[in-house]
Amino acid sequence: MSMHPDPDLNPGDEAEPGTPGAGEDICEACAGTGRLGDGKPCPECGGSGRVMRGIGGG
């Protein structure tokens with residue numbers, strides 16, 4: 001078992017793409033722009049403006 005995080009995931013992702021019960025959402029840290037106020041790429045979404053969130057209910 002690897003102790004390294006998945007390189008395809010960003011800090012704001014709650015799940016890998018394609019995970020049942022998860023879907024793409026707008027990154028709250030950058031409001032979906034992919035950039036922060038200083039013009040640098042958002043570290044939460046990796047500059048994409050999107051994160052994977054758990055959407056399943058129970």
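The values are calculated or read from the model by the stated rules, or taken from the named source; none is laboratory data. Please read all numbers here as calculations on a predicted model, not as lab measurements. All Cβ positions, even for glycine, are placed from backbone atoms using ideal geometry, and neighbour counts span all protein chains on display.
Only one of Gly34, Gly39, Gly46 is at pLDDT 90 or above, more than 13 Å from the chain's Cα centre (by Cα) and not charged (D, E, K, R). Can you tell me which? Break it down into steps so the answer makes sense when it comes.
Working: Gly34 fails: more than 13 Å from the chain's Cα centre (by Cα); Gly46 fails: more than 13 Å from the chain's Cα centre (by Cα).
Of Gly34, Gly39, Gly46, the one residue that is at pLDDT 90 or above, more than 13 Å from the chain's Cα centre (by Cα) and not charged (D, E, K, R) is Gly39.
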Of residues in segment 15-30 being of a type in the set (Gly, Ala, Ser) and in a strand (DSSP E or B), the one surrounded by the fewest Cβ atoms within 10 Å (Cβ to Cβ): Gly23
